[in-house]
Amino acid sequence: MKPPLQAVCAEFGLGAPGGAVRLAGTRNLNYRLRTERGDWLLRRRYAGYNQPVRLAFDGAAARFLAGAGLPVAPPLPARSGADAWSRSGALWQVYRFLPGRHLVDGDPADAAALGRALAGWHRLGRSFPKHFEKLGTWGETDPLELKAVLDRLQTETPGIEKALEPYRRLLAAAVREMAAGGQTLTLVHGDLQPGNILVSGGAVSGFLDLDWCGRRPRLYDLAFVFLFCCAGHDRPLAGGDIWMLTQPPRWRRPAFESFAAAYFPAAGRLTAAEAAELPARVRLAWCHTRLHGALKVARGRRRDFLGREGWSDPPGDIYNLFARGSD
């Protein structure tokens, strides 16, 4: 779908359009829009995220974070004052275009920048007063959600059972290792991967795509950081399609050290319960990225997608970098 540039610019008061360039994204359609008033991020929001209460929650979260000085761009209001504008069944949003380059996965300096910024986010997020349920406390990584996706893939894709079996085993093992008891909730980003993080001048200059933000335990974000930001990959994740975004992690210690040194002194050490549950949460995040990723792949290619090189546990000292000094 071509974006209706003239209508968007009129609706959001952006001046005359100069053109739009398509950006990466697996669900939303994203564009860099240039107008006489500057550069903007134009986004056609994925239909599954368009409930009015969800739009209101995401906008409130972005304004809360930006108001505290965090590098988040809230959505611009349309003429109606709403955070989005609907045309022909499509919902469009506009954001200030934030500066910077995408975080490089496995890079120690970028990991340190992320640790500093995320510590501030998580500290602040404890006081965010709103709540909106997005697939429960653990979202797309919840074991029941992952079991449902496994069953759906098996039903929809004949002959895929052998490719699913490693994920069934990993899911079962993670469930056995999950710790009992609740954890303190904060506002989490919910989808921390290099394509959603911008870096400039040694600091995070932008957190993008708050579609999965919500009040959850901070382990939700930390598992994504562990898997997608501190771990390296054979090819950089940012800007890639779903095949690139689901590469197996390469466990390189320096980025984990940098993140841990920057994040935990400012955000607080892991509790004993958090430290015990971290490995299970990282494995569940891995199952999520592969299984939900498979739903975005043509059915005829799902076996190849899921049958690629799979999970390998990191060395124990990698987990210990996050757990060290836990209460």
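The phi-based Karplus calculation (6.51 cos²θ - 1.76 cosθ + 1.60; θ = phi - 60°) puts the 3J(HN,Hα) values of region 59-74 at x, 5, 4, 4, 5, 4, 5, 5, x, 8, x, 7, x, 10, 9, x Hz, whole numbers, x for Gly and Pro.
Relative to the longest principal axis of the Cα atoms of the chain, the long axis of helix 161-177 makes an angle of roughly 80 degrees.
Shown is the FRET efficiency for MET244 and GLN6, computed with R0 = 25 Å from the Cβ-Cβ distance and rounded to the nearest 0.05: 0.15.
As a rough footprinting exposure proxy, the listed residues CYS229, CYS213, CYS9 were ranked by other beta carbons within 10 Å of their own, and the order from fewest upward is CYS9, CYS213, CYS229. Counting lysine pairs in region 101-323 whose alpha carbons fall under 21 angstrom apart, excluding pairs fewer than 8 residues apart on the same chain, gives 5. When the Gaussian network model of the chain links Cα atoms closer than 10 Å, the mean-square fluctuations of ALA272, ALA238, ALA223 top out at ALA272.
Mind pulling the angle between the C-alpha long axis of helix 108-125 and the longest principal axis of the chain? Nearest 10 degrees, somewhere in 0 to 90. Value to nearest ten degrees: 80.
GNM on the chain, alpha-carbon springs under 10 angstrom: the most fluctuating residue among VAL53, VAL175, VAL225 is VAL53. Between the C-alpha center of region 45-79 and that of region 262-327 there is a gap of 27 Å. Which one, VAL8, GLY25, LEU91, is farthest towards the positive end of the dipole of region 5-96 when Lys and Arg carry +1 and Asp and Glu -1 on their Cβ? Working it through, the farthest residue towards the positive pole turns out to be GLY25. A crude spin-label estimate for the pair ASP304 and ARG253, with each label 7 Å from Cα along the Cβ direction, gives 3.8 nm.
Residues whose amide H lies under 5 Å from that of GLY214, counting only those 5 or more places away or on a different chain, are VAL188; hydrogens are built 1.01 Å from N in the peptide plane. Once backbone amide H atoms are built at 1.01 Å from N, PHE128 has LEU187 as its partners under 5 Å, excluding neighbours fewer than 5 places away on the same chain.
In the chain, the longest principal axis of the Cα atoms and the axis of helix 143-156 are about 80 degrees apart. Computed over the chain with a Gaussian network model linking Cα atoms closer than 10 Å, the most mobile of GLY239, GLY120, GLY300 is GLY300. Listed values for region 94-100 are Karplus-derived 3J(HN,Hα) couplings in whole Hz (6.51 cos²θ - 1.76 cosθ + 1.60, θ = phi - 60°), namely 10, 10, 4, 7, 7, x, x, and x replaces Gly and Pro. Net length available on complete extension from ARG324 to ALA109 is 75.3 nm, with 0.36 nm assigned per residue and the Cα-Cα distance removed.
Please name which of ALA66, GLY81, HIS102 has its Cα lying farthest along the dipole of the chain towards the positive end, using unit charges on Cβ (Lys, Arg +1; Asp, Glu -1) and the Cα centre as origin. The listed residue farthest towards the positive side: GLY81.
Taken one residue at a time, the phi angles of region 203-210 give Karplus couplings (6.51, -1.76, 1.60, θ = phi - 60°) of 9, 6, 9, x, 9, 10, 6, 8 Hz. Gly and Pro are set to x. A simple charge model with +1 on the Cβ of Lys and Arg, -1 on the Cβ of Asp and Glu and nothing else charged puts the dipole of region 101-323 at about 160 debye relative to its Cα centre.
Loop sites here are GluC sites (Glu not before Pro) outside DSSP states H, G, I, E and B with no more than 15 other Cβ atoms within 10 Å. The longest part of the chain free of them is 134-308. Our estimate of slack between TRP311 and TYR49, defined as 0.36 nm per intervening residue step minus the Cα-Cα distance, is 91.4 nm. Could you tell me whether region 5-96 comes out rounded, prolate or oblate from its Cα gyration tensor? Rule is a ≥ b ≥ c as square roots of the eigenvalues, rounded for a/c under 1.5, then prolate if a/b exceeds b/c, otherwise oblate. Verdict is rounded for region 5-96. Region 35-80: which trypsin sites (Lys or Arg not before Pro) are DSSP loop and have at most 10 other beta-carbon atoms within 10 angstrom? Passing both the DSSP loop test and the Cβ count: ARG79.
The numbers here are math on the coordinates, done by the rules we state, and not lab data. Treat the numbers as computed from the prediction; the structure is a model and nothing was measured. Counting neighbours? That spans all protein chains shown, and the Cβs are built from the backbone with ideal geometry, glycine included.
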